[in-house]
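A quick write-up on the structure given underneath.
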Amino acid sequence: MNSLRPCEALIYIMIVVSASDRDMKDEELERIGHILDIWPVFEDFPKERLLGVARECQQLLQQPNGLDRVFAVVRSELPQRLHDTAYALAFEVAAVDLEMRLEELRILQLLRRNLQLDQPTIAAIERAAKARSRMLN
């Protein structure tokens, strides 16, 4: 496995969350595309590369200990200053359908542990994502 650029590592995280329940929903894929359009961290990422990066991540996930391998490559390639961003992206994708499945919660828990995020940071990210995802009705 070649090294990843930080943007690619962040996309890996979003793909892992979306695929965690073995069903990448349209809402989640749309949210990932929207995130790539508006989040400054993806400003220089060519959006046409999204599908290729997603395929690379899925291939890695299908290998023995695939999830551990994804987390290992993300840990090694993602600068510490982007760890909270990675969790924010993951939570954003998981929260898009306003329903957290057990698999998504497990992935978020593993991600928090792998990125060594502190509880106040986690709580702030989760609260902000929930607030953004609420609907009027």
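Counting only residues that are without any contact (Cβ under 8 Å) to a residue 60 or more places away in the chain and small (Gly, Ala, Ser), how many does segment 81-92 have?
Within segment 81-92, residues that are without any contact (Cβ under 8 Å) to a residue 60 or more places away in the chain and small (Gly, Ala, Ser) number 1.
Tell me, please, whether a residue that is within 20 Å of residue 131 (Cα to Cα), out of contact with any Asp or Glu (no Cβ under 9 Å at 6 or more places or on another chain) and modelled with pLDDT of 95 or more can be found in segment 64-85.
Yes - at least one qualifying residue is present in segment 64-85.
Collect the residues in segment 95-111 that are in contact (Cβ under 8 Å) with a residue 60 or more places away in the chain and under 21 Å from residue 69 (Cα atoms), keeping them in residue-number order.
Answer for segment 95-111, where residues must be in contact (Cβ under 8 Å) with a residue 60 or more places away in the chain and under 21 Å from residue 69 (Cα atoms): 103, 104, 106, 107, 108, 111.
Identify, from the list 82, 78, 89, 105, the residue that is hydrophobic (A, V, I, L, M, F, W, C), within 19 Å of residue 127 (Cα to Cα) and touching a Pro at 6+ places or on another chain (Cβ under 8 Å).
Within the list 82, 78, 89, 105, the selection yields 82.
Please tell me if residue 88 is touching a Ser or Thr at 6+ places or on another chain (Cβ under 9 Å), in a helix (DSSP H, G or I) and among the small types (Gly, Ala, Ser). Even if it seems obvious, please write down each step before you answer.
Numbers: touching a Ser or Thr at 6+ places or on another chain (Cβ under 9 Å): no; in a helix (DSSP H, G or I): yes; among the small types (Gly, Ala, Ser): yes.
So residue 88 does not fit the description; no.
Go through segment 57-85 residue by residue and tally those that are closer than 13 Å to residue 10 by Cα and either among the charged types (D, E, K, R) or touching a Ser or Thr at 6+ places or on another chain (Cβ under 6 Å) (or both).
Number satisfying all stated conditions: 4.
The values are calculated or read from the model by the stated rules, or taken from the named source; none is laboratory data. Everything numeric in this text was worked out from a predicted model, so none of it was measured. Don't worry about glycine lacking a Cβ; one is built from the backbone with ideal geometry, like all the others, and counts go over all protein chains shown.
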